[in-house]
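> One structure, pasted below without further comment.
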Amino acid sequence: MISTDKQIPVDMNLLKSWLKKNLKEINKNLPFPLKWKRKEDQQDIYTFEGINEHISLLVHNESAQIQFQFQNDFADILVDLDISPAIDENGKHFCQGCKRPKRYDSKSDLVQDHFINSLKKYQKKNFKRGNFALLCSSKDRDKSFSKIIKEADLINLDRMDLIWKMDQLNTLNLSKKTLKAISKSWLLPYAVERIIL
């Protein structure tokens, strides 16, 4: 039985300090190790070894996220690695956002294990050769989305009126078939970059 009155706040500073202190050990378990890049506006920014430098992990006061940033002025979140901690009637800590939550003896164990497992799962699913980070925006940039996509799926993008930069696509050595399909689409990416360079 989940008791919402026993929901506890996430202490992401715990995660930030744990990452810094244990980065070497954590990296042994990740397919693409983290590299600390810088601290900016109350958040720690990491990049991933072997992955496009425009894809980064942000750890700040309320959550951890992976984002795709293009030309330092435009970015969007690829995935939130949020945790919704709660305590069950037996005093065990768990994430109430998970379908089958694992139970932990401490909030610290929950935050650390949940974060590292979510990050590892995301890397294995998305950080592959032939995958691209896609960032799309409306003309006035008030709406945007980003996602990881396979080259073959670039052909099947939903049709929407978004910005497109053909010169960006030409640098990716995409097939003529893919370029032709994209140019006919109303969905025009603001930025498309290979995940693994």
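One line per residue, one yes/no per condition, for (1) surrounded by 13 or more Cβ atoms within 10 Å (Cβ to Cβ); (2) of a type in the set (Val, Ile, Thr); (3) in a loop (DSSP other than H, G, I, E, B); (4) touching a strand residue (DSSP E or B) at 6+ places or on another chain (Cβ under 8 Å):
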residue: Lys24; (1), (2), (3), (4): no, no, no, no
residue: Lys35; (1), (2), (3), (4): yes, no, no, yes
residue: Tyr46; (1), (2), (3), (4): yes, no, no, yes
residue: Ile51; (1), (2), (3), (4): yes, yes, yes, no
residue: Ser56; (1), (2), (3), (4): yes, no, no, yes
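> Considering only residues that are open to solvent by 40 Å² or more (accessible area, probe 1.4 Å), closer than 28 Å to Ser56 by Cα and not β-branched (Val, Ile, Thr), which ones fall in the stretch 76-99?
Asp80, Asp82, Ser84, Gln96, Gly97, Cys98, Lys99
> Now for a separate question. Does Leu30 fit the bill of being under 16 Å from Tyr122 (Cα atoms), within 19 Å of the chain's Cα centre (by Cα), at pLDDT 80 or above and open to solvent by less than 20 Å² (accessible area, probe 1.4 Å)? Full working, then the answer.
Details: under 16 Å from Tyr122 (Cα atoms): yes; within 19 Å of the chain's Cα centre (by Cα): yes; at pLDDT 80 or above: yes; open to solvent by less than 20 Å² (accessible area, probe 1.4 Å): yes.
So Leu30 passes the test.
The values are calculated or read from the model by the stated rules, or taken from the named source; none is laboratory data. Just so it is clear, the structure is predicted and the values come from calculations on it, not from any experiment. All Cβ positions, glycine included, derive from the backbone under ideal geometry; neighbour counts span all protein chains shown. Accessible surface areas use protein heavy atoms only, side chains included; no ligands, DNA or RNA. Shrake-Rupley method; radii C 1.70, N 1.55, O 1.52, S 1.80 Å.
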